[in-house]
Amino acid sequence: MGIIFNKPLIGVVMCQIDKGGHPTQIVHNKYLDAVLQAGGVPLALPHGLISSPHLLEIAMAPLDGLLFTGSPSNIEPHHYGESGTEDCADAGRDRLAFALIKAAIAQRLPMLALCRGLQELVVATGGTLHRQLHTLSGFQEHREDAGLSLEQQYAPSHEVFVEPGGLLSSLVEGCGKFWVNSLHQQGIRSLGPSVRIEARAADRLIEAVSLEDHPFALAVQWHPEWQSEKSALSRLLFEGFIHACQRYQEEKRP
């Protein structure tokens, strides 16, 4: 029983959708499975945690890490100084994610952020986004083709080039480049002062970042959770995250 209870508890952010007229919060199995396979215990976090002052604090107290998932929705542009609206937005997720990131930075709680999660981490720390990469010259196509099967959409799409000496480089054991999937229409425009570039695509788009002066806060633009059990790269990322969560768990014990 001790082994079970020593597994780190990972808070996972959910997305808001409409399901037959019912407001519904969901998280794909692929994220939960990736956490379980790496040795963590996932716990879904509802948007209502920010509805009163102390709920978020209560929910975060037992957590050893946070996973910010991908999503079809985009961050509302007013959060990074732009006007207009997003066709597919999730205001509750925006508010929860930003509150969680702020608290995790203060607590030095490990974080792994994927796709939309990367964009949340960037915006929460003072960065900005390109809202439609495909309309800008100089960038390759980063969006998925919705007409293809999921296997094809999540297949490797382009190379990523790792910056030396960073957190990602240490996780992938010095590997300088690798192929990743690509299913996003937005991307990083600028970064806040506390954010380090960890990898870029061939078109120079930033594909991974980390937070400086933080034990483990890694964000990647691709989807390592997809069939993570079949990918050595995905396993390295999730196992590195869970190991950081285990260290946090050990350090916070009385």
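Overview of results
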item	result
Exposure ranking of R95, R196 by accessible area [1.4 Å probe, largest first]	R95, R196
Scattering profile of the range 1-152 at q = 0.08, 0.21 Å⁻¹ [log10 I(q)/I(0), Debye over alpha-carbon scatterers]	-0.26, -1.48
Of all DSSP beta bridges in the chain, antiparallel share, percent nearest 5	60
Farthest toward positive dipole pole in the chain [+1 Lys/Arg, -1 Asp/Glu at C-beta], among L171, G20, S137	L171
Solvent-accessible area, 1.4 Å probe, carbon plus sulfur percent, for the range 129-211	51
Gaussian network model of the chain, springs between alpha carbon atoms under 10 Å - residue of S190, S71, S210 with greatest fluctuation	S190
For A44, distant residues with modelled amide H under 5 Å away	V12
Normalised alpha carbon radius of gyration of the range 151-254 [divisor 2.2 N^0.38 Å]	1.11
Exposure of H78 as accessible area (Å², to 10), given a probe of 1.4 Å and all protein chains	120
Over the chain: helical MRE at 222 nm, DSSP H runs n ≥ 4 each giving -39500 (n - 2.57), nearest 500	-8500 deg cm²/dmol
Relative contact order of the chain, defined on C-alpha pairs under 8 angstrom at six or more residues apart (%)	20
Heavy atoms of E212 accessible to a 1.4 Å probe, total area in Å² rounded to 10	100
Positive-end residue of P110, A97, V123, charge dipole of the range 80-133 with Cβ unit charges	P110
Whole-number D in µm²/s for the chain (Stokes-Einstein; Kirkwood sum over Cα pairs; 10 °C, 1.306 mPa s)	86
For W179, solvent-accessible area (1.4 Å; no DNA, RNA or ligand), Å²	140
Solvent-accessible area per residue, Å², over the chain with all protein chains present [probe radius 1.4 Å]	47
Histogram of C-alpha separations across the range 74-154, 5 Å bin width, %	3, 12, 20, 22, 18, 13, 9, 3, 0
Cα centre as origin, Lys/Arg/Asp/Glu Cβ charges: the chain dipole, Debye	420
Candidates R189, R200, R235: whichever shows maximal mean-square fluctuation once the chain is modelled as a Gaussian network with Cα springs under 10 Å	R189
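The values are calculated or read from the model by the stated rules, or taken from the named source; none is laboratory data. Since the model is a prediction, treat every value here as computed from it, not as a measurement. Cβ sites come from the backbone with ideal geometry, for glycine too, and all protein chains shown count toward neighbours. With ligands, DNA and RNA removed, areas are computed over all heavy atoms of the protein, side chains included. Shrake-Rupley method; radii C 1.70, N 1.55, O 1.52, S 1.80 Å.
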